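Okay, structure first, notes after.
Just so it is clear, none of the values below were taken in a lab; they were calculated from the coordinates. Computed from a predicted model, the values in this text were never measured in an experiment. Positions of Cβ are generated from backbone atoms using ideal geometry, with glycine treated the same way; all protein chains shown enter the neighbour counts.
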Amino acid sequence: MNKAKRKVVIAGNWKMNFTPSEATAFINEVKPLVAGKNGCEVVFCAPYVTIAAAQAAAQGSNISIGAENVHFAEKGAYTGEVSAKMLTECGVKYVIIGHSERRQYFGETDATVNARTKAALEAGMTVILCLGEVKEQRLSGITREIVSMQTKLDLEGVTAEQMKNVIIAYEPVWAIGTGLTATPEQADETCGQIRDALAEIYGRDVAEATTIQYGGSMNEKNAAELLAKPNVDGGLIGGASLVAEKFKAIVDAAQ
Ligand code: PGA
């Protein structure tokens, strides 16, 4: 299988942005701009309280609304958390897990990322699993080791069959929200290294079938070059997913 056969996914990560009314207005603005763009799946991952409003606005369009995190337990004494069953009952299919901001600010580890991933997959959700190196690791020349280790730890116990519902987002931490972007060559090389790690675990066929996005200051200017690379199958977009025209340009670049 080659790139042409893999699913291309352009996903916005709204982070802690957009109230329900702001999300409604934004979806209404972006909906006509991405209508009929069938060369990729279009997803926006929203804060929990904003999901319902975004879904209502997106109804009947080619836009799916996802969540930004999910807990690993089915239910119980986990104040402030949300389970996969709660999300699926709300019609949420996609969920981001392991975003570097969760790892940096909220104590998320590869073990909790793995537990959340398994819970989401068991509930039938599609996981956008984020991983990537920090600046010091890239400068030390150990990026391959880091992303390979994260891939293996984060997917421990995930079956080859379940991998059909896993999208990996390669997000170099130094490029997130910084305006610094990996060069297309760096993005392609590291997505390829993640694919190699997948091949070690699941074999080449599964590795070649898995969608691997790039994320980290992807925008309307650099998207086309990044998305043209053989190992880059889409994008996870933060800042530029909050501006309809910028996001539209990225979706256009994925056609
Ligand atoms: P950014 O965020 O596009 O603002 O760098 C990407 C992400 O955090 O997923």
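Between the beta carbons of A25 and Q255, assuming R0 = 25 Å, the FRET efficiency works out to 0.50 to the nearest 0.05.
The distance from the alpha carbon centre of segment 117-157 to that of segment 1-54 is 23 Å, rounded to a whole number. Shown is the FRET efficiency for A4 and T88, computed with R0 = 25 Å from the Cβ-Cβ distance and rounded to the nearest 0.05: 0.20. Amide H contacts of Q213: I168, A169, Y170, D233, each under 5 Å away and 5 or more positions distant or on a separate chain (H built 1.01 Å from N in the peptide plane; Pro and chain starts excluded). Which of rounded, prolate, oblate describes the chain, given a ≥ b ≥ c as roots of the alpha-carbon gyration tensor eigenvalues and a/c under 1.5 marking rounded, otherwise prolate only if a/b is larger than b/c? Judged from the Cα gyration tensor, the chain comes out rounded (a/c under 1.5). Residues considered: P32, P47, P172. Largest GNM mean-square fluctuation over the chain, using C-alpha springs under 10 Å, is found at P32. With springs only between Cα atoms under 10 Å, which of R102, R144, R195 fluctuates most in a Gaussian network model of the chain? Ranking R102, R144, R195 by mean-square fluctuation puts R102 first.
By its C-alpha gyration tensor, with a ≥ b ≥ c as the square roots of the eigenvalues, how is segment 23-143 shaped: rounded for a/c under 1.5, else prolate for a/b larger than b/c, else oblate? It comes out oblate by the Cα gyration axes.
In summary, segment 208-251 shows an alpha-carbon radius of gyration equal to 1.11 times the 2.2 N^0.38 Å reference for compact globular proteins. Our helix-only sum for the chain, with -39,500 (n - 2.57) per DSSP H run of n ≥ 4 divided by its residues, gives a mean residue ellipticity at 222 nm of -12500 deg cm²/dmol.
Label point of A73 set 7 angstrom out along Cα-Cβ; within segment 86-103, amide nitrogens under 20 Å from it belong to 86-89, 98.
Checked against a 18 Å cut-off, the cross-linked pairs K3/K93; K3/K229; K93/K118; K135/K221; K3/K221 give Cα-Cα distances beyond that limit for K3/K93; K135/K221; K3/K221. For E41, the amide hydrogen comes within under 5 Å of the amide hydrogens of V8, V9, I10, counting only partners 5 or more places away or on other chains and with H modelled in the peptide plane.
Compute the Cα gyration tensor for segment 1-47, then decide on rounded, prolate or oblate, letting a ≥ b ≥ c be the square roots of its eigenvalues: rounded whenever a/c is under 1.5, prolate when a/b is larger than b/c in the other cases, and oblate in all that remain. Oblate is the answer for segment 1-47, as a/c is 1.5 or above yet b/c matches or exceeds a/b.
Between I128, I201, I212, the GNM of the chain built on Cα springs shorter than 10 angstrom shows I201 fluctuating the most.
Quote to one decimal, in nm, the extra length available between S61 and R204 on full extension: 0.36 nm per residue of separation minus the C-alpha distance between them.
48.0 nm
Scanning residues 5 or more positions from I96 or on other chains, those with amide H under 5 Å from its amide H are A67, E68, N69, I128, with H placed 1.01 Å from N in the peptide plane.
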